[in-house]
Amino acid sequence: MTTGIVLIFGMFILFIGGVYGVSMFLNLGEPQLLIFVVFAGFTLIGIAKIITYLKGIYYIQLGIPLDRDLVKDKIARWPIYHIRSHHFPLEGDSRHSLVQLDDEWYVRTTVFAQYVSHSGFTHTFRFPGKEEIVLSSSTQYIKGISMFDINDTVFVKLSVLGYELYFDENTAYIV
């Protein structure tokens, strides 16, 4: 909540001060106010981002579960990899579909679209050569949870499905 207020305040100062600074520059020809306001606005926006990162570090060090905003931010910032598997046909990339939380890999269930069916919060996974796995998703992430839902996007812990992940350059292999 605090970071959102700082971010909005920074953008507000940047906008209002920028308009005022431009008008003063056009009237008086003095760029100092414009430069100061732009610097102050971007500084507040930068501080908001730093607070977000520090909040995540603080939560991890205290063992507090990551909140929704931190999980969403981590998913959004995760690097993009092509996702492949030698065990079953799988094509696609990991844009917002792959994240590591508390040393566990979580994959968006849409990556396994042809191997998963769901009814409400219950998901059934049917992989070639493996027994059926039935899991229920939670509405929030908690350390060690098998499945969680964030903004109508369901993530499953890869190890629960009996698979691991390894990387080769820009490709993530499910093995």
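The values are calculated or read from the model by the stated rules, or taken from the named source; none is laboratory data. Please read all numbers here as calculations on a predicted model, not as lab measurements. FYI the Cβ positions are ideal-geometry reconstructions off the backbone, even for glycines, and counts take in every protein chain you see. For the accessible areas, the whole protein counts, side chains as well, though only heavy atoms, and no ligand, DNA or RNA atoms are used. Shrake-Rupley method; radii C 1.70, N 1.55, O 1.52, S 1.80 Å.
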Q.
Multiplying the sequence separation of F9 and F42 by 0.36 nm and subtracting their Cα-Cα distance, what value in nm do you get?
A. 10.8 nm
Q: Rounded to whole Hz and in sequence order, give me ³J(HN,Hα) for the stretch 50-57 from the Karplus expression 6.51 cos²θ - 1.76 cosθ + 1.60, θ = phi - 60°, writing x for Gly and Pro.
A: 4, 4, 4, 5, 5, 4, x, 5
(Q) What is the sum of charges, Lys and Arg at +1 and Asp and Glu at -1, for the other residues whose Cβ falls under 13 Å from the Cβ of A48? (A) 0
Q: Under a cut-off of 19 Å between alpha-carbon atoms, report the lysines in cross-link reach of K55, not counting same-chain residues fewer than 8 places apart.
A: K72, K74, K143
Q.
I'd like the distance separating the alpha-carbon centroids of the stretch 89-165 and the stretch 56-88, in whole Å.
A. 13 Å
(Q) Quick check: pseudo-label points 7 Å beyond the Cα along Cα→Cβ at S117 and N27, how many nm apart are they? (A) 7.1 nm
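Enter the accessible area per residue of the chain (Å², integer; probe 1.4 Å; all protein chains in place).
Numbers: 10650 Å² over 175 residues.
Heavy-atom SASA per residue in the chain reads 61 Å².
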(Q) Please report the carbon-and-sulfur percent of the accessible area for the stretch 35-175; probe 1.4 Å, protein heavy atoms only, DNA, RNA and ligands left out. (A) 55 percent
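Mind ranking V175, V19, V99 by accessible surface for me, highest first, 1.4 Å probe?
V19, V175, V99
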Q: May I ask for the net charge around R68, where only other residues with Cβ less than 13 Å from the Cβ of R68 are counted and Lys, Arg are +1 while Asp, Glu are -1?
A: -2
**Q.** Whichever aspartates and glutamates have a C-alpha closer than 16 Å to that of K130, once near sequence neighbours (fewer than 8 apart) are set aside
**A.** E164
Q: For an R0 of 22 angstrom, estimate the FRET efficiency from the Cβ-Cβ distance between K130 and H82 and round to the nearest 0.05.
A: 0.45
